[in-house]
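Okay, structure first, notes after.
The values are calculated or read from the model by the stated rules, or taken from the named source; none is laboratory data. Computed from a predicted model, the values in this text were never measured in an experiment. Every residue, glycine among them, receives a Cβ derived from its backbone with ideal geometry; neighbour counts consider all protein chains shown.
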Amino acid sequence: MNDRIRVLVVSKGHDYNHDAFLAMLDAMPDIDATLVQQPAAQVVLQPGNVDPWDVIFFYDMSGIPGVGLLHDGANDTGIPPEPYRQAIEALLQSGKGLLLVNHATVSWPLWPVWREIHGSSFMLSQGQLDGRTVPGSGYRGGHGPLESATIRLVPQGRHPVLEGLESGLDITDELYLKTPEFEAHVLPLLRGDYDFVQANFTPPPLASAEERASWQHPPGSNLIVWANAARRCPVIVSDVGDSPLAYDSPDYRRLLNNAFRWLASHDARLWAESVSATRRR
């Protein structure tokens, strides 16, 4: 009997080191990963087609207004095409585990359902979030002018995703400066020991030149990894995971492996259903 976790990885729309990324997944003996790129992923994720996989790992950056067609061939309106919207809505009723890493929280920025999934307050540019005008999120590292930062990730309580990481972990990777209000709606798992203030970040690169010139951001959240419930689906989100500096870290690999195993579990689905039921009351 094969008890390996079957993971469907959705990618494209953002540059990454494919060899190092796939080597990270290949090094996990209990994970059977299949990679599909956008826009073909929109067919694979349709009901019936997606059934064989236990966990969906979103590592794409899709539907970005003005650049999406160039980067991923999927869409550049900020909203998925109707068949894909229906596929994601059906996925949220399936109870499958969902993992979103780094730039995946940026996808489909004008579609509220995607933010419902990841729960982050990340903003590509200034806009409305929960009835408030908030600035575009800051960047540190990745493809920006500032280098990636080395920080300590500190566990928040006990959780299966944190097994073996009780003392925390060090990581060098891209960071985001985002407003903290989202924390009230998710389960914190790892916080970064770092000053999340404007001086340590640069303006959002896809914002207008005018917005970048006048960009100001209040002190932000240090929450890096969290769990969310999206209808029947348990979700794990990690802001870090942009480069081989993360992929090659044994601790980061343990974090993702733990996430896959928890997301595929019956306990994770029960947790998501319980949280969603509480929110509906």
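The single condition among (1) modelled with pLDDT under 95; (2) within 20 Å of Gln38 (Cα to Cα) that Leu92 does not meet is (1). With respect to the stated conditions, Arg280 fails to be under 19 Å from the mean Cα position of the chain (by Cα) and among the basic types (Lys, Arg). Considering Ala246, Ala272, the condition of being touching a Lys or Arg at 6+ places or on another chain (Cβ under 8 Å) and either part of a helix (DSSP H, G or I) or modelled with pLDDT under 95 (or both) is satisfied by Ala272 alone. Summed over the stretch 252-281, the residues that are within 17 Å of Ile117 (Cβ to Cβ) and polar (S, T, N, Q) give a count of 1.
For every residue, the table says whether it meets (1) surrounded by fewer than 14 Cβ atoms within 10 Å (Cβ to Cβ); (2) under 23 Å from Asp173 (Cα atoms); (3) at pLDDT 95 or above.
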position	(1), (2), (3)
Met28	no, yes, yes
Ala40	yes, no, yes
Leu45	no, no, yes
Asp60	no, yes, yes
Ala87	no, no, yes
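Entry remark, the stretch 212-242: residues being over 14 Å from the mean Cα position of the chain (by Cα) and either of a type in the set (Gly, Ala, Ser) or at pLDDT below 95 (or both) number 5 in total.
The residues of the stretch 115-145 that are of a type in the set (Ser, Thr, Tyr), farther than 19 Å from Leu223 by Cα and not in a strand (DSSP E or B) amount to a single one, Ser125. Considering the conditions (1) assigned to a strand (DSSP E or B); (2) loosely packed, with under 14 Cβ neighbours inside 10 Å; (3) in contact (Cβ under 8 Å) with a residue 60 or more places away in the chain, Glu181 is excluded by exactly one of them, (1).
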